[in-house]
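A.B. asks: Handing you a structure now.
The values are calculated or read from the model by the stated rules, or taken from the named source; none is laboratory data. Predicted model, so just to flag it, every value in this text is computed and none were measured. Here Cβ is always computed from backbone atoms with ideal geometry, including for glycine, and neighbour counts include all displayed protein chains. We work out accessible area using only protein heavy atoms, side chains counted, and drop any ligands, DNA or RNA first. Shrake-Rupley method; radii C 1.70, N 1.55, O 1.52, S 1.80 Å.
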Amino acid sequence: MDHDTAGCDLDPLLPTRQSLLTRLRDCQDQAGWREFFDTYWRLIYNVARKSGLNDAEAQDVVQNTFIYLTRRMPKFHYDRTRGSFKSWLRVVTRSRIHVYCRKERVHGNLIREPFSDEISVDPEGPKAMPDLAAESLDEEWQREWEQNLVNTAFRRLRTKVSSQHLLIFRLTTVRELPLTQVAKKLGVSLPQVYLARHRVGKLFKSEVLRLRRETE
């Protein structure tokens, strides 16, 4: 989704994401590209894997996607009225998966069933690759997007809270361990567990909300 409309009015809740996208127009901004890569490579990789590609192929898709982006971003202008950042990245990722599979099909005569690890060789030579199930791929994208959003929020919390408080929050919420068990396991008092869970939980919800506002 290339946007040629410059100077669009942006939601004030989007400064971080819009600022990063603006930075990505400079291919020499290594810090900006590193942040972008660290945030989204796992999402692209996991969706590629769920589409039926193996580990090496999914890594190729990640690489191809970011190469494609570095070529397109210098002329990129973000226009939120034409779609969310989330939708834009989904379209880019899906197109790169299709392009990769089509090239592999032509070069290697590979037949890969969508969302399957089974590969066979077509004895009659290469054929046009059937369209991946768009609905299924979009469902996988949504699931992986949600997981990536949570993981990103956790990574950002590492700079805001102690490792022990973050561990307490993970144990009591993600793993759903009883608070008394967590207190005993970590050798801390029960009030400390309550306070840590409350404080980190509040920050976590705020971070998730901010990420949603930036991207959706």
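A.B. asks: Output the qualifying pairs, or none if there are none: Cβ atoms under 7 angstrom, residues six or more apart or on different chains, first residue in the range 20-37 and within 19 Å of Thr152 (Cα to Cα), second residue outside any helix (DSSP H, G or I) and open to solvent by less than 30 Å² (accessible area, probe 1.4 Å).
C.D. replies: Note: pairs meeting the criteria are Leu21/Phe76; Leu21/Tyr78; Gly32/Leu24; Trp33/Leu24; Phe36/Leu24.
A.B. asks: Only one of these is open to solvent by less than 10 Å² (accessible area, probe 1.4 Å), within 22 Å of Glu144 (Cα to Cα) and at pLDDT 85 or above: Leu14, Leu53. Name it. If you could, list the steps in order and put the result at the bottom.
C.D. replies: Working: Leu14 fails: at pLDDT 85 or above.
Unique residue meeting the criteria: Leu53.
A.B. asks: Restricting the range 56-87 to residues that are touching a Leu at 6+ places or on another chain (Cβ under 8 Å) and aromatic (Phe, Trp, Tyr), which is most open to solvent (accessible area, probe 1.4 Å)?
C.D. replies: Checked the range 56-87; the qualifying residue most open to solvent (accessible area, probe 1.4 Å) is Tyr78.
A.B. asks: Condition first: over 27 Å from Phe36 (Cα atoms) and crowded, with 18+ Cβ neighbours inside 10 Å. Now tell me which residues in the range 166-216 satisfy that.
C.D. replies: Initial filter on the range 166-216 (over 27 Å from Phe36 (Cα atoms)): 168, 171-173, 175-199.
If the condition is that a residue be over 27 Å from Phe36 (Cα atoms) and crowded, with 18+ Cβ neighbours inside 10 Å, then Ile168, Leu171, Thr172, Val182, Ala183, Val193, Ala196, Arg197 are the ones that fit.
A.B. asks: Right, another one. Within the set of pairs 6+ apart or on separate chains, which have a first residue in the range 166-193 that is free of Cβ contacts under 8 Å to residues at least 12 places away in the same chain, a second that is open to solvent by 30 Å² or more (accessible area, probe 1.4 Å) and in a helix (DSSP H, G or I), and C-beta atoms under 6 Å apart?
C.D. replies: Pairs that qualify, where the first residue is free of Cβ contacts under 8 Å to residues at least 12 places away in the same chain and the partner is open to solvent by 30 Å² or more (accessible area, probe 1.4 Å) and in a helix (DSSP H, G or I), are Ala183/Leu190.
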